[in-house]
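Have a look at the structure below, then the notes.
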Amino acid sequence: MNEQQSHEYSYNVDFYWKALAMYGIALLVYAALKGTIDESRFLLVLTDPIVILLGIFVIGSSIALLINRNAHRTVIIGENFIAFRNRFRERIFTTDSIVSIVLGKERRFKTGALKVVKIYVKNKRRPLRLRPSLFENEQQLLADLYRLNTLLQS
């Protein structure tokens, strides 16, 4: 890895695409099964509560996809800094302002563990929380965070 080069990791929106596709297919299948064929015409039943509920899920998934896609969230890790960028601003934290980086796990509903990285910064009361699984190329992001952590410890 070239130490002068910074790596950029984008927010992963695959979950939203998959949810939108699943809800859309479920809506189409249910509406087709509930619809009637009468005198060579196909009538959809749109007043059924399940069709309305699935329609709300499709609209909600579409809105969440648009919001997260247009946010352009990225994490940039360089030789001696970490930067958080979104559509509106960029926050850069150098190794001088970072107190420590804690790579650990967060328990979720006692069903499994979710990796979380806590970045403690000077003059901030709470740590910055980063979940690498939400970004593309999770393994490389973790490797860069480990490298930055060892740089802080030395």
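Any read-out appearing in this document is the output of simple, stated calculations on the displayed coordinates, not a laboratory observation. No experiment lies behind these values; they were computed from the predicted model shown. Cβ sites come from the backbone with ideal geometry, for glycine too, and all protein chains shown count toward neighbours.
Some points to look at:
- Placing +1 on each Lys and Arg Cβ and -1 on each Asp and Glu Cβ, with no other charges, gives the chain a dipole about its Cα centre of roughly 860 debye.
- Number of Lys pairs (Cα under 29 Å; 8 or more positions apart or on different chains) in the chain: 11
- Two-site label geometry, THR36 and ASN137: point separation in nm, points 7 Å out along Cα→Cβ: 5.7
- Rounded FRET efficiency, nearest 0.05, which uses the C-beta distance separating THR94 from ALA64 and R0 of 22 Å: 0.10
- Whole-Å distance, taken between Cα centres, linking segment 39-98 and segment 126-140: 16
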